[in-house]
Structures are given as structure tokens and as C-alpha cells.
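Heads up: the structure comes next, in C-alpha cells.
Rule-based calculations on the coordinates, nothing more; no lab input. A quick note: this is a predicted structure, and the numbers were derived from the prediction, not measured. Here Cβ is always computed from backbone atoms with ideal geometry, including for glycine, and neighbour counts include all displayed protein chains.
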Amino acid sequence: MKAVCFSVRGADPKKAKPYPPFHKRSQEDHQRIVASAFTEAQSQREIADYDFSIQVTKTDADTQISLVADAFESWNAIRNTPQAQRFLIELLGPRQEKR
């Protein structure tokens, strides 16, 4: 899933650029925000599940919630586009053969 998200141009946090305001976002911006939020939320979930030494502040949690809420708004803006549908299918991974 991370590889699919990083395949979206600009979704890699090491190469990220600031997000434009919602009303100025292109379809590409919306997809980048969704992919970035997905990988960030997954990373934070893994840390929360396995690293008990990490202290999460309310500010940290609120920031993460805002990031995910923004991604859901972006997803709603693009969810019916062919590019968004392709992205969703790619997230599911390769088709598995039935045994």
C-alpha cells in the first residue's frame, strides 16, 4: 500500500510540498493529500500499536485527526474520477487466485 501511495506524484513525505487551500486544489492535489494521509496514518497506527514508549499528546492526536479529516474531504472531491478509482483498486494489491 505504501508503494502505491508513494507512486502518486508528491505523496512521498520527503518530497512533499505544502497543500493549497481546499478550494484551490487540483485533482492531483486531492489525490496527493489522500495518499500522503493514508501513509502517515498507517505509520502512526503502527507506532501506536507497537511502540509503548511513545507519548502522544492531545495536540499530536488533534493534528493527525485534522490530517485524516482533510484527506476524507479531498477523497469526496475526487472519488468518482477514473484516477481515484484506479488508485483505490491499486491499494487492494494484486489479484489473488482462488485456491
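Determine, yes or no, whether Ala84 is touching a Leu at 6+ places or on another chain (Cβ under 6 Å), surrounded by 11 or more Cβ atoms within 10 Å (Cβ to Cβ) and either on the phi < 0 side of the Ramachandran plot or touching a residue at least 24 places away in the same chain (Cβ under 8 Å) (or both). Let's see the steps before the verdict.
On the way: touching a Leu at 6+ places or on another chain (Cβ under 6 Å): no; surrounded by 11 or more Cβ atoms within 10 Å (Cβ to Cβ): yes; either on the phi < 0 side of the Ramachandran plot or touching a residue at least 24 places away in the same chain (Cβ under 8 Å) (or both): yes.
So Ala84 does not fit the description; no.
Are any residues in segment 48-62 part of a helix (DSSP H, G or I) and loosely packed, with under 11 Cβ neighbours inside 10 Å, and if so, which ones?
Just the residues of segment 48-62 that are part of a helix (DSSP H, G or I), to begin with: 48-50, 58-62.
If the condition is that a residue be part of a helix (DSSP H, G or I) and loosely packed, with under 11 Cβ neighbours inside 10 Å, then Asp49, Tyr50, Lys58, Thr59, Asp62 are the ones that fit.
Only one residue in Val8, Val4 is part of a helix (DSSP H, G or I) and touching a residue at least 40 places away in the same chain (Cβ under 8 Å). Which one? Full working, then the answer.
Details: Val8 fails: part of a helix (DSSP H, G or I).
It is Val4.
Can you tell me which residue within segment 58-67, out of those that are touching a helix residue (DSSP H, G or I) at 6+ places or on another chain (Cβ under 9 Å) and of a type outside the set (A, V, I, L, M, F, W, C), is farthest from His23 (Cα to Cα)? Full working, then the answer.
Step one: of segment 58-67, the residues touching a helix residue (DSSP H, G or I) at 6+ places or on another chain (Cβ under 9 Å) are 60, 64, 67.
Applying the additional criterion that residues be of a type outside the set (A, V, I, L, M, F, W, C) yields 60, 64.
Working: Asp60: 26, Gln64: 21 Å.
Residue satisfying both the conditions and the ranking: Asp60.
Looking at Ala84, Ala69 in this structure, which one is over 13 Å from Ala37 (Cβ atoms) and of a type outside the set (Asp, Glu)?
Details: Ala69 fails: over 13 Å from Ala37 (Cβ atoms).
One residue alone meets the criteria, Ala84.
Applying the selection to segment 17-67, what residues are of a type outside the set (D, E, K, R), within 16 Å of Met1 (Cα to Cα) and under 10 Å from the mean Cα position of the chain (by Cα)? Spell out how you get there, then give the answer.
As a first pass, look at segment 17-67 and keep what is of a type outside the set (D, E, K, R): 18-23, 26-27, 30-31, 33-39, 41-44, 47-48, 50, 52-57, 59, 61, 63-67.
Applying the additional criterion that residues be within 16 Å of Met1 (Cα to Cα) yields 31, 33-39, 41-44.
The answer is Gln31, Ile33, Val34, Ala35, Ser36, Ala37, Phe38, Thr39, Ala41, Gln42.
State yes or no: is Asp70 farther than 17 Å from Phe6 by Cβ, out of contact with any helix residue (DSSP H, G or I) (no Cβ under 6 Å at 6 or more places or on another chain), free of Cβ contacts under 8 Å to residues at least 60 places away in the same chain and assigned to a helix (DSSP H, G or I)?
On the way: farther than 17 Å from Phe6 by Cβ: yes; out of contact with any helix residue (DSSP H, G or I) (no Cβ under 6 Å at 6 or more places or on another chain): yes; free of Cβ contacts under 8 Å to residues at least 60 places away in the same chain: yes; assigned to a helix (DSSP H, G or I): yes.
Yes.
Kindly establish whether Ile33 is out of contact with any helix residue (DSSP H, G or I) (no Cβ under 9 Å at 6 or more places or on another chain) and not acidic (Asp, Glu). So that I can check it myself, show each step before the final result.
On the way: out of contact with any helix residue (DSSP H, G or I) (no Cβ under 9 Å at 6 or more places or on another chain): no; not acidic (Asp, Glu): yes.
No: the conditions fail for Ile33.
Does segment 11-30 hold any residues that are part of a loop (DSSP other than H, G, I, E, B) and out of contact with any helix residue (DSSP H, G or I) (no Cβ under 8 Å at 6 or more places or on another chain), and which are they? Before you say what the answer is, go through the steps one by one.
Going residue by residue through segment 11-30, those that are part of a loop (DSSP other than H, G, I, E, B) are 11-12, 16-21, 25-26.
Listed by number, the residues that qualify are Lys17, Pro18, Pro21, Ser26.
Do you know which residues across segment 2-21 are of a type in the set (Lys, Arg) and more than 15 Å from Phe87 (Cα to Cα)? Working first, answer last.
Here is the first cut: in segment 2-21, the ones of a type in the set (Lys, Arg) are 2, 9, 14-15, 17.
Lys14, Lys15, Lys17, listed by residue number.
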